[in-house]
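A.B. asks: Below is one structure. I have some questions about it.
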Amino acid sequence: TCTVAGRYEYVFQLGGRGVRPNLHFSFTRFDFGSQFITAPGASLEPAENILLVTNRDLENSLSLDCAYVNQRALSIECKPTVLEPGEAMEIPFLFAPREAKDYAFEIPFLVNGTSKQNVNIVGSGVYARLELVDLQMSHIHFGSILEGNTVTKNVKVINRSSATLKFNIVDEMKVGFGKGIMESNDVIFFPGGEVVLGPHESTTVGLTFAPQKRLMAFQEDLLVRYAGETRKLLTLS
């Protein structure tokens, strides 16, 4: 009520509504599930998920800032940003667990310096375990083979992890030969590319000795790479 000259009253009806900034988050909770532990010194192979943040306000620019401090297990890439109307930005979340445990993170985002939006991230760390089904196959002896002949041995490997495992057979370079150790000994392995095994799934690895020349007796480790590390699978001789 506004009183003029002590006797004239004017009544104003005022109303309004407070609303949150119209900044849309593509998710506010994400579960990375089971991911393999990254051992100290091993190359990081983090699981990644992208958060898409969109300014759905048709008139106003909105500022976005993240107060989260990156940790070894979870890091995000988000610099203070001003989003114009209709503009969107991608925020990568990188999860690389270091311990066998469950993880939970609450990521606070500040919009326009006043409105807070939390994003919850969960996941768990598990050990990567690629093993021989038959441990007696840990040493394979091809025997003495004539030049031009071949002998093949098959071994079965299993993913004993609780997460999907990707692995490659590695033929490390032999110093001074310009070729891999397996290749220099006329050993062919299959599969040659990446193999994907679900939890507790198995597959067969084929190993063929096909000497094209006289060779000295050899004994070499067959290596596989998974979860950021190169490890011994078995020994060939």
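A.B. asks: If L110 passes every condition in (1) of a type in the set (A, V, I, L, M); (2) part of a strand (DSSP E or B); (3) within 30 Å of L165 (Cβ to Cβ) but one, which one does it miss?
C.D. replies: (3)
A.B. asks: Moving to a separate point now. Looking at this structure, is A227 within 30 Å of the chain's Cα centre (by Cα) and among the aliphatic types (A, V, I, L, M)?
C.D. replies: Answer is yes for this residue.
A.B. asks: Out of curiosity, is K156 among the basic types (K, R), loosely packed, with under 15 Cβ neighbours inside 10 Å, in a strand (DSSP E or B) and in contact (Cβ under 8 Å) with a residue 40 or more places away in the chain? Give the derivation first.
C.D. replies: Values: among the basic types (K, R): yes; loosely packed, with under 15 Cβ neighbours inside 10 Å: yes; in a strand (DSSP E or B): yes; in contact (Cβ under 8 Å) with a residue 40 or more places away in the chain: yes.
Considered against the rule, which asks whether it is among the basic types (K, R), loosely packed, with under 15 Cβ neighbours inside 10 Å, in a strand (DSSP E or B) and in contact (Cβ under 8 Å) with a residue 40 or more places away in the chain, K156 comes out as yes.
A.B. asks: Continuing with the same structure: If I filter the range 125-153 down to residues being part of a loop (DSSP other than H, G, I, E, B) and among the hydroxyl-bearing types (S, T, Y), which single residue comes out as most open to solvent (accessible area, probe 1.4 Å)?
C.D. replies: At the first step, the residues of the range 125-153 found to be part of a loop (DSSP other than H, G, I, E, B) are 127-129, 133-134, 141-150.
With the extra rule that they be among the hydroxyl-bearing types (S, T, Y), the set shrinks to 127, 144, 150.
Details: Y127: 151, S144: 125, T150: 92 Å².
So the residue we want is Y127.
A.B. asks: Give all pairs with beta carbons closer than 8 Å in which a residue from the range 76-88 that is under 15 Å from D57 (Cβ atoms) meets a residue that is open to solvent by 90 Å² or more (accessible area, probe 1.4 Å); count only pairs at least 6 apart in sequence or on separate chains.
C.D. replies: If the second residue must be open to solvent by 90 Å² or more (accessible area, probe 1.4 Å), the pairs left are P85/L58; P85/E59; G86/R56; G86/L58.
A.B. asks: What are the residues in the range 65-80 that are aliphatic (A, V, I, L, M) and closer than 15 Å to F95 by Cβ, if any? Show your work before the answer.
C.D. replies: So in the range 65-80, the residues aliphatic (A, V, I, L, M) come out as 67, 69, 73-74, 76.
Answer for the range 65-80, where residues must be aliphatic (A, V, I, L, M) and closer than 15 Å to F95 by Cβ: A73, L74, I76.
The values are calculated or read from the model by the stated rules, or taken from the named source; none is laboratory data. Quantities reported herein were computed from a predicted structural model and do not represent experimental measurements. Please note: Cβ atoms are built from the backbone with ideal geometry, for glycine as well, and neighbour counts cover all protein chains shown. Accessible surface areas use protein heavy atoms only, side chains included; no ligands, DNA or RNA. Shrake-Rupley method; radii C 1.70, N 1.55, O 1.52, S 1.80 Å.
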